[in-house]
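> Please read through the structure below; I'll follow up with questions.
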Amino acid sequence: MKPRTIIDKIWNEHAVRAEAGKPNLMYVDLHMVHEVTSPQAFEGLRLSGRPVRRPDLTFATMDHNVPTLNRESITDAISKKQIDTLFDNCKEFGVELADIHSPNNGIVHIIGPELGLTQPGKTIVCGDSHTSTHGAFGALAFGIGTSEVEHVLATQTLWQSPPKTMEVHVDGRLGTGVTAKDIILSIIAKFGVDFGSGYVLEYTGEAIRGLTMEERMTICNMSIEAGARAGLISPDQVTFDYLKDRRFVPEGAEFDEKVEQWRQLATDEGAEYDERVVIPADEIEPMVTWGTNPSQGVGIHGTVPYPEDGKSATEKKVIKTSLDYMALEPGTKITDIHVQHVFLGSCTNARIGDLREAAKIIRGNKVADGIRAMVVPGSQQVKMQAEEEGLDQVFKEAGFEWRDSGCSMCLGMNPDFVPEGERCASTSNRNFEGRQGKGARTHLVSPAMAAGAAIYGHFVDVRKLDQTVSS
Amino acid sequence: MEALTVHEGNTAVLERANVDTDQIIPKQFLKRVERTGFGQFLFFDWRFKSDGEEDPSFELNYPSAANASILIADHNFGSGSSREHAPWALQDYGFRVIIAPSYSDIFYNNCVKNGILPVRLPEDQVYELMQNGNDKEYHLTVDLQNQQISDKDADFQATFEIDPYWKEMLLNGWDEISITLQYEEDIEAYEKRVKV
């Protein structure tokens with residue numbers, strides 16, 4: 001048989017109907033639902049008298065609107081209505097919901113893997129562009145709009161044109177102190193904010209194999225920031241070890257059988273992709289974005305570019321507009337950029353491993369004067385685990401606020417936002433204009449780099465820090 | 001969904017690349033549980049000054065863009081968040097057609113499912129349209145059946161590509177779920193076969 005990629009294998013396995021020249025009707029194995037992009041979909045079902053076809057393959061959580069302080073008393077009436085609407089819809093249509101009181105509540109892309117709902121070979125969708133996160137397990141996972149949410153609720157399928165495939169090969173070994181976030185920010189900086197448009201990306205190479213599941217999730221999470229439909233990583237022993245004993249994963253002999261099937265999914269030796277790009281791992285440094293899209297990033301020892309550095313008239317204009325919004329002078333050293341806020345959170349970087357990495361740098365230090373720093377764990381499970389390890393104390397003693405879980409300041413739909421004109425070192429995924437608040441200026445970084453910025457008040461090369469900093 | 005066959009209308013030119021859905025409809029307006037009424041919030045942070053007045057320097061507020069129903073934009077339009085509130089807002093404001101060199105995949109799908117036609121044209125043609133419509137009213141006729149765009153004097157003429165499946169959906173204004181449910185037997189057979 002011709003060698004195949006994991007993408008081709010999952011695709012073929014899920015085609016309910018495949019006619020030449022038409023989109024295929026694809027079966028969906030797991031549909032994750034949250035409060036912002038689902039109310040109009042449930043309303044559509046109600047109006048047409050349709051049930052949810054497979055409530056057992058549907059799982060809901062509340063995350064975008066949830067306050068991270070006093071989470072059970074939502075004061076914003078419209079937010080509360082959206083939360084209440086999801087609660088009522090799940091009850092009416094028989095969908096399991098990790099509501100605000102549940103110990104399983106958290107950001108949709110954090111709880112899916114945590115509960116073992118996310119598994120290799122599955123097709124996974126959610127009305128949220130960061131659904132690509134689940135690709136870390138060797139699943140084909142992508143974000144959809146609300147019309148498609150309704151379509152999946154009603155039919156458990158979607159019409160999709162077969163994707164093009166692209167291998168993103170991270171060649172060689174990563175330098176010490178360089179993280180998954182730096183890999184994905186470097187890939188997007190190198191190849192551009194829409195290089196993945198129309199493709200499903202598969203990340204390969206020694207540097208990727210050496211990552212934990214949580215780190216792989218950070219990479220796949222930001223595939224959408226490269227414009228890709230999805231991004232994934234072939235499953236291996238690291239994947240299987242992570243999944244063992246999680247709630248929705250089979251146990252005993254059935255688990256062993258599953259693992260054997262999952263092993264077969266990995267891309268075959270010699271399989272061909274439609275496109276291939278390579279980035280040498282040893283050129284990747286800790287990254288900081290300076291602009292208003294995720295490709296506008298540079299290594300910690302770099303400088304803010306000049307508009308004239310743009311390769312085309314359009315790009316020159318894009319750089320100019322970004323610098324105006326960010327209030328940055330061309331030629332400024334990245335290490336000279338001072339911030340007023342530090343946000344450690346989001347579906348990109350708020351897992352227990354992220355908190356541990358940041359805590360290593362924070363331990364025994366203090367947040368610099370004039371900085372508001374905040375930790376928002378990705379889920380209530382992550383929060384409890386961190387508290388068990390005493391990480392909350394490390395952060396609190398340093399001057400961080402320690403919050404409940406949610407999407408929080410990544411997009412500022414709940415009460416957490418960055419005030420106009422102020423600057424934030426953020427472990428989230430988007431530095432768009434106004435993303436963290438109207439007029440807010442976002443610099444995307446890894447958890448370690450965010451921790452360094454919190455202590456020094458400006459960006460620093462965390463590879464060169466001693467364990468304890470006198471400030 | 002409203003069918004779209006031939007559309008004639010004024011254009012608005014947005015000479016910006018990578019316009020993301022956070023700009024098209026900022027997050028503070030995503031809390032509604034309805035599909036309607038989002039037009040008033042379209043491009044909110046660009047369209048209005050902090051005192052709530054319209055910002056005359058924003059392209060959609062130019063007199064030449066009055067009553068525009070065709071939006072011309074640069075590369076990678078609609079990137080970022082999957083929020084369908086973006087096409088809902090564009091449509092509610094009055095747009096039926098968008099013309100750009102490229103779109104984000106999710107945004108493109110969200111448009112066609114709401115009866116908005118996203119036309120892909122080569123960069124040089126889009127830039128020509130931008131020149132033509134930049135500072136004056138500029139009307140275009142978009143013929144989906146024949147996949148053609150032209151202006152009044154036929155100075156500009158172009159053809160465009162579109163997936164035949166989406167074309168048929170838009171031309172007929174079909175509800176996709178009803179179509180899919182005609183294949184319910186196939187879905188059931190699939191579920192039995194793979195034991196899902």
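The values are calculated or read from the model by the stated rules, or taken from the named source; none is laboratory data. A quick note: this is a predicted structure, and the numbers were derived from the prediction, not measured. Note that each Cβ is placed from the backbone with ideal geometry, even for glycine, and that neighbours are counted across all protein chains shown. Note: accessible area is taken over every heavy atom of the protein model, side chains too, but ligands, DNA and RNA are not part of it. Shrake-Rupley method; radii C 1.70, N 1.55, O 1.52, S 1.80 Å.
> Within the range B:66-88, take every residue that is in contact (Cβ under 8 Å) with a residue 60 or more places away in the chain, hydrophobic (A, V, I, L, M, F, W, C) and away from chain A (no Cβ under 13 Å) and give me the one that is nearest to B:L4 (Cα to Cα).
Once the filter is applied, the top-ranked residue is B:I70.
> Out of the range A:386-425, which residues are within 14 Å of chain B (Cβ to nearest Cβ) and either over 15 Å from A:G106 (Cβ atoms) or among the charged types (D, E, K, R) (or both)?
Selection gives A:M409, A:L411, A:G412, A:M413, A:P415, A:D416, A:F417, A:V418, A:P419, A:E420, A:G421.
> Further question on the same structure: If we keep just the residues of the range A:127-142 that are open to solvent by less than 10 Å² (accessible area, probe 1.4 Å) and at the interface with chain B (Cβ under 7 Å from one of its Cβ atoms), which is nearest to B:T180 (Cα to Cα)?
A:G127
> Turning to a different aspect of this structure: Exactly one of (1) within 18 Å of A:V170 (Cα to Cα); (2) aliphatic (A, V, I, L, M); (3) assigned to a helix (DSSP H, G or I) is unmet by A:A253. Its number?
Failed condition: (1).
> Consider A:R351 carefully, then state whether it is open to solvent by 20 Å² or more (accessible area, probe 1.4 Å) and either in contact with a Cys (Cβ under 7 Å, 6 or more places away or on another chain) or among the basic types (K, R) (or both).
It is false that A:R351 is open to solvent by 20 Å² or more (accessible area, probe 1.4 Å) and either in contact with a Cys (Cβ under 7 Å, 6 or more places away or on another chain) or among the basic types (K, R) (or both).
> If you go through the range A:16-34 one residue at a time, do you hit one that is open to solvent by less than 10 Å² (accessible area, probe 1.4 Å), under 27 Å from A:T61 (Cβ atoms), among the acidic types (D, E) and in contact with a helix residue (DSSP H, G or I) (Cβ under 7 Å, 6 or more places away or on another chain)?
no
> Condition check: under 30 Å from A:V66 (Cβ atoms), open to solvent by less than 30 Å² (accessible area, probe 1.4 Å) and either modelled with pLDDT of 95 or more or basic (K, R) (or both). Does B:S81 satisfy that?
Criteria met by B:S81.
> For A:C220, which of the numbered conditions (1) surrounded by fewer than 24 Cβ atoms within 10 Å (Cβ to Cβ); (2) assigned to a helix (DSSP H, G or I); (3) touching a Gly at 6+ places or on another chain (Cβ under 7 Å) fails to hold?
For A:C220, the exception is condition (1).
For every residue, the table says whether it meets (1) crowded, with 21+ Cβ neighbours inside 10 Å; (2) touching a residue at least 12 places away in the same chain (Cβ under 8 Å); (3) outside the structural domain of A:L174 (by TED's automatic domain parsing); (4) out of contact with any Leu (no Cβ under 9 Å at 6 or more places or on another chain).
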| position | (1), (2), (3), (4) |
| --- | --- |
| A:G231 | yes, yes, no, no |
| A:S234 | yes, yes, no, no |
| A:T267 | yes, yes, no, yes |
| A:H301 | no, yes, yes, yes |
| A:V304 | yes, yes, yes, no |
| A:S312 | no, no, yes, yes |
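> Do we find that A:L211 is at negative phi, more than 13 Å from chain B (Cβ to nearest Cβ) and crowded, with 24+ Cβ neighbours inside 10 Å in this structure?
For A:L211, the condition - at negative phi, more than 13 Å from chain B (Cβ to nearest Cβ) and crowded, with 24+ Cβ neighbours inside 10 Å - is not met.
> Working carefully through the options A:P51, A:P55, find the one that is open to solvent by 10 Å² or more (accessible area, probe 1.4 Å), more than 26 Å from B:F107 (Cβ to Cβ), in contact with a Leu (Cβ under 8 Å, 6 or more places away or on another chain) and in the same structural domain as A:L158 (by TED's automatic domain parsing).
A:P51
> If you don't mind, there's one more thing I want to ask. Quick check: anything in the range A:451-466 aliphatic (A, V, I, L, M), open to solvent by 10 Å² or more (accessible area, probe 1.4 Å) and over 23 Å from A:W290 (Cβ atoms)?
no
> Could you please find all residues in the range A:6-42 being at pLDDT 95 or above, at the interface with chain B (Cβ under 8 Å from one of its Cβ atoms) and either within 30 Å of A:E269 (Cβ to Cβ) or more than 28 Å from the chain's Cα centre (by Cα) (or both)?
Result: A:E13, A:V16, A:R17, A:Y27, A:D29.
> So which residues in the range B:136-189 are away from every other protein chain (no Cβ under 14 Å) and among the aromatic types (F, W, Y)?
B:Y138, B:F156, B:F160
> Filter the range B:89-103 down to the residues that are free of Cβ contacts under 8 Å to residues at least 40 places away in the same chain and of a type in the set (S, T, Y) and list them by number.
B:S102, B:Y103
> Report, by residue number, each residue of the range A:60-99 that is within 9 Å of another protein chain (Cβ to nearest Cβ) and open to solvent by less than 10 Å² (accessible area, probe 1.4 Å).
A:N65, A:S79, A:Q82
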